[in-house]
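Readers should treat all values here as calculations from the given coordinates under stated rules, not as data from a laboratory. Just so you know, these numbers come straight off a predicted model, no measurement behind them. Backbone-built Cβ (ideal geometry, glycine too); neighbour counts: all protein chains shown.
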Amino acid sequence: MLRLVLLTTLLLLDSPESVIAENGFDGWLRYAPVHCGKSCQRLLPSRIVTLNGTGNNSIDTATEELQLGLGKIVGKEIPIERSDCDSRSSILVATADQYRQACDSSLDLSVLDEDGFWLRTSDGTVQILGQNERGALYGAFEYLSLLSQGNFTNVDYRTNPHASIRWVNQWDNMDGSIERGYAGPSIFFSNGQIVEDLSRVKQYARLLSSIRINGVVVNNVNANATLLTDQNMDGLARIADVFRPYGIQIGVSLNFASPDTLGGLGTYDPLDSAVITWWGNVTDRLYKRVPDMLGYLVKASSEGQPGPDTYNRTLSQGANLFARALQPHGGILMFRTFVYDHHINESIWTNDRANAQVEFFKELDGQFEDNVILQIKFGPIDFQVREPVSPLFANLYHTNMAIELQVTQEYLGQQDHLVYLPPLWKTILDFDLRVDHKPSLVRDIVSGQRFDRQLGGWAAVVNVGTNTTWLGHHLAMSNLYAYGRLAWSPTEDSQGVLEDWIRLTFGLDRRVLETITDMSMASWPMYENYTGNLGIQTLTDIIYTHYGPSPASQDNNGWGQWTRADHDTIGMDRTVKNGTGNAGQYPAEVAQMYENIESTPDDLLLWFHHVPYKHRLHSGKTVIQHFYDAHYAGAETAQHLVSQWDSLEGRIDQERFDHVRKRLVYQAGHSIVWRDAINNFYWNMSEIADEKGRVGHHPWRMEAESMELYGYEAYAVNPFESASGYHAIVTTSNSTSGTAETRVEAPSGKYDIAVNYYDMYGGQSQWTIYVNDRIVGSWQGDSEETLSHTPSIYLDGHSATRITFEKVDVHQGDVLKIVGVPDGVEPAPLDYVALLPPGIAD
Ligand code: GCW
């Protein structure tokens, strides 16, 4: 990108703006009013002009958007006109060709690549010139973004995309559910069909187009063949019609076995001529309805999905089947490399899931058709809180590649935890793989530049739903916004992109900007701290909901997300000399770095090495003490999120303020659940005490199982580490309430009272806490309806929840009592109560 002149004098306000209730539906396209004084108003354009002879979708969209935006941002109603290049006091929107023909044939617009644009503003005259219509639309959104951020300066710059593929994937199922979606049902599908009302799809199209996304794959990679019925193909055409004016093309995921399951052929062998004809026919029928369809996305031979292996065919033979069907239509096949055996045996030291993708695909390099792009997850396993770069990026010289990221926070808090992801993505994009001892940044590999490939780019699993917040948490939208910005220009700074998003989403208040910036930039390191450290993976439950802590679930199963933790040691030995050989899948310089423990960075130590808990890191700490300290530090940071947010009350509309606050309070509590579960687990396993004496010692807690119980009984929680003292209490019957009470022994004073309980799926228990007979508060176990994460039917690290009542007067000798009313299958479970002096988060 070349910025010729950019005089940025952003208008930032020190006092709160007037704040109107908002529900998040507009995302960052709110076009909130910006104060533009008299002289500024005078310099605003008074017409929107398109050139004669045009009349196409995306330019029209651009003019409508400009009209809407100017009306809302600066309160100026301006007409749209067609003209012969009279650009005075106007916003001229055109493609480069149109402009050269009608206005100025000497202007050199060859500097623009496909989808690029040139934006020039000069005292009332604005020129938005796109290399194509889509580029012009992007330029219009860019101009509106500047105005929305209070930037009225003259600018003159052109910008081109990093790569041609800038797609999003939705894992939407035909029944309307969304795999790993945390914001309600699908905006596309319901009951096996495409929904009638596509108004949300239009709004999604606006949001995506404004961040320069040009493709969307609408259905789950675990695909259902019924998408290919005539009726559903007609529905797809309707979806494509909604996206088209926004410069976005659609693609679909296919199920490899469709010729058999839907077509009744009795085979889906990719080399069978009937199968080839069947797919050719399906593809023709689709293109008849959606002539500009992008192509297909295919997950094959992975996690139980059918694929070419059934017929002993290679993955490239499988991929080329679709690629050839698409070629007459100019379509692209995205073929996922997420292929691995999920029944591997942990007792064999050299087994390693992280090796699978290179093992499957390296030998196929050069055997894929030119319109195939391999879609590669950023790390070798699966969207963990930290992974090294997937070595596959360094092993394909003659194959197109795209990187797959996840906006939906499957392993990263499921939108109930604030985690701003670009700093994580940057560790991958900026990594230099040193292929053949030459600079080989991942971002240059995926753009196609490093290996001189024509096609390449980006895909992100987004999974927006019908929730008005789109993703379930207003602050999670920064990840979607930043994804688009980075896919266009990956060298942009994570914080700079975030700041733009904050101004667009919450306005120009300086305090709001600084506070949300601080919270977001601290969030990924914080989340890593209180989940899994040193490259051991997220440590969530990998065989159930992928949400709360459950470190034991990593091992003793065939999924291969192992930690190999035992009494004395932990970590995967991925060295060549003694382990799985995975380090050797990287080019020599990188391989050597990871092979040697001395040169392996601490944050990936346990990804590559199996070491004693007492092994000393470069930092000087032992591994186990690092775990303990990091978990305390992470949870500590999370406690501050709430007070940081509270400092913004009145500066953000109440609706969004309350919505976010509820989640931050929950996150603060759940970070302590994480901290204690992981620390207890490894303390138990290693029997090495925390040097600082915190782990397992909770002087301010009263365990529920030690209180006087009426209608409640003790319950041994499994996994043990998800309960303080490894036990909780549950009501003795599902229909009568229970009481747990105890006399306060602590000195009289003001305390924050924290209660840990379990909020399970299948019931909405009610709890009330009293000091003597005074009600301190009451609450309900309804998070399955009010929060985003996948609920659990057990007492475990997913359902464990902590609520805090602040500044309660308590006297020594008072009776503290909790009454729990069970509901459905939820027996009002309680873990502990803590009386916390100010500033303590025990
Ligand atoms: O990690 C797994 C997810 C699956 C997903 C799969 C994939 C769509 O848990 O839900 O399936 O990755 O990426 O294919």
For this session: Using the charge dipole of the chain (Lys, Arg: +1 at Cβ; Asp, Glu: -1 at Cβ; taken about the Cα centre), state which of Thr790, Tyr594, Leu326 has its Cα farthest towards the positive end.
Result: Leu326
For this session: May I ask for the angle, rounded to the nearest 10°, between helix 57-73 and the longest principal axis of the chain, with both axes built from Cα atoms and the value confined to 0 to 90°?
Result: 60
For this session: Could you grab the relative contact order for the chain? Cα pairs under 8 Å, six or more apart, rounded to a whole percent.
Result: 10
For this session: Sum up the charges of everything whose Cβ sits under 11 Å from the Cβ of Lys438, counting Lys and Arg as +1 and Asp and Glu as -1, but leave Lys438 out.
Result: -2
Seminar exercise, completed: To the nearest 20 debye, the chain has a Cα-centred charge dipole, built from +1 on Lys and Arg Cβ and -1 on Asp and Glu Cβ, of 1900
Problem set entry | Pairwise centroid distance, computed over Cα atoms, of segment 337-411 with segment 51-122, Å | 43
Seminar exercise, completed: Exposure proxy check on Asp113, Asp796: fewest-to-most Cβ neighbours within 10 Å is Asp113, Asp796
For this session: Please order Arg285, Arg200 by the number of other Cβ within 10 Å, starting at the fewest.
Result: Arg285, Arg200
Seminar exercise, completed: Other residues with Cβ under 9 Å from the Cβ of Gly484 give, with Lys and Arg +1 and Asp and Glu -1, a net charge of +3
Seminar exercise, completed: Between the Cα axis of helix 273-289 and the main Cα principal axis of the chain, the angle (0 to 90°, nearest 10) is 70
Exercise. Where the centroid of each part is defined by its Cα atoms, how far is segment 517-565 from segment 20-49 in Å?
Worked result: 43
For this session: For each of Tyr411, Tyr794, Tyr712, count neighbouring Cβ atoms within 10 Å of the residue's Cβ, then give the residues from fewest to most.
Result: Tyr794, Tyr411, Tyr712
Exercise. Toward the positive end of the charge dipole of the chain, about the Cα centre and with charges on Cβ (Lys, Arg +1; Asp, Glu -1), which of Val512, Pro827, Trp278 goes farthest?
Worked result: Val512
Exercise. Val74: net charge of surrounding residues, Cβ under 13 Å, Lys/Arg +1, Asp/Glu -1, itself excluded?
Worked result: +3
Seminar exercise, completed: Dipole check, the chain, charges on Cβ (K,R +1; D,E -1), about Cα centroid: among Ala205, Leu471, Ala223 the Cα furthest to the positive pole belongs to Ala205
For this session: Would you calculate, for the chain, the mean residue ellipticity at 222 nm contributed by helices, counting each DSSP H stretch of 4 or more residues as -39,500 (n - 2.57) and dividing by all residues, to the nearest 500?
Result: -9000 deg cm²/dmol
Problem set entry | Ordering of 714-722, 501-509, 582-590, 309-317 by burial proxy (mean other Cβ atoms within 10 Å per residue, highest first) | 501-509, 582-590, 714-722, 309-317
For this session: Enter the angle in degrees (range 0 to 90, nearest 10) between the Cα long axis of helix 623-646 and the first principal axis of the Cα atoms of the chain, meaning the one along which they spread out most.
Result: 70
